[in-house]
Amino acid sequence: MKYIIIGAVAGGASTAARLRRLNEHAEIVIFEKGQYISYANCGLPYYIGNVIKDRNKLFVQTATSFAARFNVDVRVSTEVTAINPSVKTVSAINLLTGEEYTESYDKLVLSPGASPIRPALPGIQYEGIFTVRNVGDTDYIKGYVTETKPQKAVVIGAGFIGLEMAENLHELGLDVSVVEMSNQILAPVDLPIAALAQKHLREKGIHLHLNTAVTGFEKEDGRLKVQLQDKADLEADLVILSIGVRSDTKLAENAGLKIGQARGIWVNEYLQTSDPDIYAVGDAIEYANPISGQTTITFLAGPANKQGRICANNLVFGNNQKYNGSINTAIVKLFDLTLGAAGMAVKHLERNKIPHLTATIHGNSHAGYYPGAQLMTIQIAFSPENGQLLSAQVIGGEGVDKRLDVLSSVIKNKGTIYDLIEFEQAYAPPFSSAKDPVNMVGFVAENILLDRLKVIECSKLNSVEPHAALIDVRTPAEFAGGTIEGAINIPLDEIRNRLSEVPVDRPLYIFCQQGMRGYLAQRILVQNGFENVTNLSGGYLLWKTYKDEMEQAEAEVL
Ligand code: FAD
């Protein structure tokens with residue numbers, strides 16, 4: 001059996017290694033048009049930022065070590081230029097020697113990845129405007145930074161990679177602006193959670209320009225000018241273009257393979273393309289999202305690696321292992337914060353008309369009485385029918401990653417909010433609390449699901465009934481420090497004695513700082529005959545950050 005694999009990084013190298021483990025006698029040839037194989041693309045921003053100091057650490061394997069370990073014929077600097085499925089050959093060109101040849105296969109695997117989008121904006125060809133996709137790009141940026149000692153950087157696009165680049169350039173001492181066309185950073189996340197991150201980035205000195213489109217570039221006195229629609233230019237010595245990637249489908253398309261609706265290579269549940277002898281994995285494929293059922297493309301390393309393993313299993317044993325799709329679990333470090341998400345954001349659930357409820361809590365990373373506890377915010381969405389968990393977003397300091405992983409695994413396994421309630425965490429004061437934030441968000445969700453708690457999201461507070469009454473149940477000192485316009489202050493601990501001050505004939509919206517005291521007040525009021533009582537999800541803390549960030553973003557729209 002002879003296997004050919006195109007692309008030798010995340011998906012391709014995983015496929016090749018697994019194939020060899022399963023079949024010691026197969027012939028395996030892997031083509032890679034770049035110089036390097038199996039490197040850590042995810043580490044590239046941190047190498048540019050000097051967090052990873054040794055360039056060699058980026059290389060999980062070299063062509064030589066991979067060939068020696070797995071007995072694979074590794075052909076780097078060799079691009080596959082065409083696939084001819086009718087005779088089962090590929091055409092390749094050695095980019096160093098110019099030699100062109102064809103190679104036959106029994107089974108072919110495509111893992112060509114994706115290419116950064118580089119729009120045809122005026123001036124895009126100027127030196128100093130970079131994309132970050134591979135080791136070559138990274139060496140180029142690193143060399144440019146070392147040689148020209150830039151002072152100002154503009155990152156275009158506030159996605160995961162753009163923000164990692166912004167942080168790393170900032171840590172190198174550059175003055176960094178981030179330009180983003182949308183009204184928030186990190187498109188897969190809902191605005192209230194993104195707002196917490198935006199606030200933090202601004203506090204760290206990143207200049208965020210939301211609702212802002214780049215129209216072109218100019219060069220003046222050796223310096224770049226990033227031109228913005230209807231706004232003043234931004235000066236830059238270095239520009240990182242990070243506005244997204246597009247699946248590399250050219251080879252597949254030219255070979256007549258089916259391309260799906262999301263413009264990725266179509267594969268069935270066994271990762272087999274429309275040609276039974278050709279499989280595909282990674283950033284280039286599209287696959288049904290397990291929550292919406294719609295095909296989407298996932299640009300993440302974890303799914304690409306795992307697909308490689310499944311693909312090799314199916315190639316060797318026949319189609320017997322299904323790929324179940326990705327829920328897009330992703331995480332990013334933003335200075336002192338970590339932000340992660342899994343499943344479908346609330347805005348995407350709304351767009352897809354998928355019924356859902358939400359719950360938001362703030363909780364400590366570990367017992368509050370043990371030093372160093374850090375606040376985290378968890379927002380979940382779940383089905384109003386059976387409580388199935390549809391998404392989770394977590395932001396905070398320590399411990400965000402472990403909560404996200406738990407929540408992600410519940411979403412992936414089609415678990416419910418009751419799994420969160422029952423989740424049994426490893427607890428001792430330095431690590432968690434007797435009720436972990438994952439339990440807490442489950443408790444809140446259960447109350448919401450069973451109609452014991454009515455909540456309103458901070459993004460909807462503006463549109464409540466005009467005659468509604470707002471009650472701030474925090475302390476007078478907290479109230480004096482800032483509240484929501486029109487709110488009256490009845491502190492939680494006084495509310496039982498001041499029930500006569502609570503309006504009887506108006507819908508009541510209760511809030512505290514984080515949500516807990518509001519919930520307690522709501523329980524007291526409901527059990528005292530007040531029927532229409534709603535608690536502000538995430539409390540004043542989330543509402544205020546959301547409102548400030550919305551105003552800031554709106555101010556950017558001229
Ligand atoms: P790739 O790993 O990109 O490999 C495709 C390879 O195919 C490329 O090397 C390309 O040169 C080669 N190729 C293409 N066409 C041909 C051809 N015709 N002939 C020969 N070779 C060809 N994901 C995460 O989950 N977490 C992260 O933190 C994260 N950080 C990232 C940071 C950066 C800077 C980048 C660029 C990506 C990051 N990703 C991250 C995404 C992740 O790296 C990709 O999702 C993953 O690498 C996709 O695997 P793949 O095999 O599909 O494509």
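The values are calculated or read from the model by the stated rules, or taken from the named source; none is laboratory data. For clarity, every value in this text was computed on a predicted model and none was experimentally measured. With ideal geometry, Cβ positions are generated from the backbone for all residues, glycine too; neighbour counts draw on all protein chains shown. Accessible surface is based on the protein model in full, side chains and every heavy atom, while ligands, DNA and RNA are left aside. Shrake-Rupley method; radii C 1.70, N 1.55, O 1.52, S 1.80 Å.
Under the definition of Cα pairs under 8 Å and six or more residues apart, what whole-number percent is the relative contact order of the stretch 98-182? Each step should come with its number before you reach the end.
On the way: 54 pairs, mean separation 17.4, N = 85.
It comes to 20 percent, rounded to a whole number.
Placing unit charges on the Cβ atoms only, positive for Lys and Arg and negative for Asp and Glu, gives the stretch 1-159 a dipole magnitude near 560 debye about its Cα centre. The stretch 378-455 to the stretch 104-145: how many Å between their Cα centroids? Computed from Cα coordinates, the inter-centre distance equals 39 Å.
Heavy atoms only, probe 1.4 Å: what % of the accessible area of the chain goes to carbon and sulfur, would you let me know?
Numbers: 12210 of 24540 Å².
C and S atoms contribute 50 percent here.
Leaving ligands, DNA and RNA out of it, rank Arg118, Arg75 by accessible area with a 1.4 Å probe, largest first. Provide the component values of the computation, followed by the final result.
Numbers: Arg118 105, Arg75 50 Å².
Putting Arg118, Arg75 in descending order of accessible area: Arg118, Arg75.
Toward the positive end of the charge dipole of the chain, with +1 on the Cβ of Lys and Arg and -1 on the Cβ of Asp and Glu, the farthest Cα among Gly260, Gly162, Ser65 is that of Ser65. Accessible surface of Asp73, taken over heavy atoms with a 1.4 Å probe and every protein chain present, rounds to 60 Å².
For Lys33, what charge total do you get from the other residues with a beta carbon under 10 Å from its beta carbon, if Lys and Arg give +1 and Asp and Glu give -1?
Working: positive: Arg75; negative: Glu32, Glu79.
Net local charge, Lys33 excluded: -1.
Using a 1.4 angstrom probe, figure out how much accessible area the stretch 1-92 has per residue, in square angstrom, rounded to the nearest whole. The partial results should precede the final answer.
Numbers: 4050 Å² over 92 residues.
Per residue, the stretch 1-92 has an accessible area of 44 Å².
If you place +1 on the Cβ of every Lys and Arg, -1 on the Cβ of every Asp and Glu, and leave all else neutral, what size is the dipole of the stretch 50-108 about its Cα centre, to the nearest 20 Debye? Present the calculation step by step, with values, prior to reporting the outcome.
Details: 7 positive and 7 negative charges, 83 e Å.
In debye, rounded to 20, the stretch 50-108 gives about 400.
Protein-only accessible surface at a 1.4 angstrom probe places the residues Thr329, Thr146 in the order Thr146, Thr329, largest first.
Charges only on Cβ, +1 for Lys and Arg, -1 for Asp and Glu: so what's the dipole of the stretch 370-503 about the Cα centre, in debye to the nearest 20?
Details: 11 positive and 18 negative charges, 23 e Å.
Computed about the Cα centre, the dipole is about 120 debye.
So, counting K/R as plus one and D/E as minus one, what does the shell of residues with Cβ under 12 Å around Asp275 add up to? With Lys, Arg at +1 and Asp, Glu at -1, the net is +2. The lysines whose alpha-carbon is closer than 17 Å to the alpha-carbon of Lys412, local same-chain residues fewer than 8 away aside, are Lys306, Lys322, Lys402. By the rule of a C-alpha distance below 18 Å, with chain neighbours fewer than 8 residues away ignored, the aspartates and glutamates paired with Lys219 are Glu127, Asp233, Glu235, Asp237.
Helix-only mean residue ellipticity at 222 nm, the chain, DSSP H runs n ≥ 4 weighted -39,500 (n - 2.57), per residue, nearest 500. What is it?
Values: 15 runs with 159 residues, N = 558.
The helix contribution divided over the chain gives -8500 deg cm²/dmol.
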